[in-house]
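S.K.: One structure coming up, written as structure tokens, with questions to follow.
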Amino acid sequence: MKEIEEVEEVRERISVSVGSEIVGKTIGEVEEKFKISILELDNTNDRAFLFSWEITPDKSTTIQPEDEIVIFGKPLNIQRFSKSAASLN
């Protein structure tokens with residue numbers, strides 16, 4: 001019988017590329033699709049102050065190009081998310 005291996009969740013910082021398929025989506029939509037948690041968001045395009053990190057951002061916050069996001073989840077889900085954050089539509 002095959003043993004099911006527990007995969008430890010990890011935390012990673014990801015930059016969102018201009019033209020990424022996740023740009024324009026809300027945090028809630030992205031978390032649901034990729035099965036990850038977005039812990040922090042740095043969206044300097046939308047903020048008055050540079051380096052304005054939001055810890056536990058609102059689920060309705062829209063992801064913008066060049067955002068930096070701190071995510072938490074299983075490595076496979078993080079890998080899928082990273083590709084989408086970097087890919088072009």
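A short reminder: the numbers here are calculations on the coordinates, not readings from a lab. The model shown is predicted, which means the values in this text are computed figures rather than measured ones. Virtual Cβ from ideal backbone geometry, glycine too; neighbours counted across all protein chains shown.
S.K.: Could you work out the local net charge near Ser37, counting Lys and Arg as +1, Asp and Glu as -1, over the other residues with Cβ closer than 10 Å to its Cβ?
M.R.: Numbers: positive: Arg11, Lys35; negative: Glu9, Glu31.
Residues near Ser37 contribute 0 overall.
S.K.: So for the stretch 10-86, taking the charge dipole from beta-carbon charges (+1 Lys/Arg, -1 Asp/Glu), which of Ser20, Gln64, Ser84 sits furthest toward the positive end?
M.R.: Going by the Cα projections, it comes out as Ser84.
S.K.: Follow-up question, since we're still on this one. Using the basic label-point model (7 angstrom from Cα toward the beta carbon), what is the Val18 to Glu40 distance in nanometres?
M.R.: Between Val18 and Glu40, the label points sit 2.6 nm apart.
S.K.: Can you tell me the FRET efficiency between Gln64 and Glu9 if r is taken as the Cβ-Cβ distance and R0 is 22 Å, rounded to the nearest 0.05?
M.R.: It comes to 0.30.
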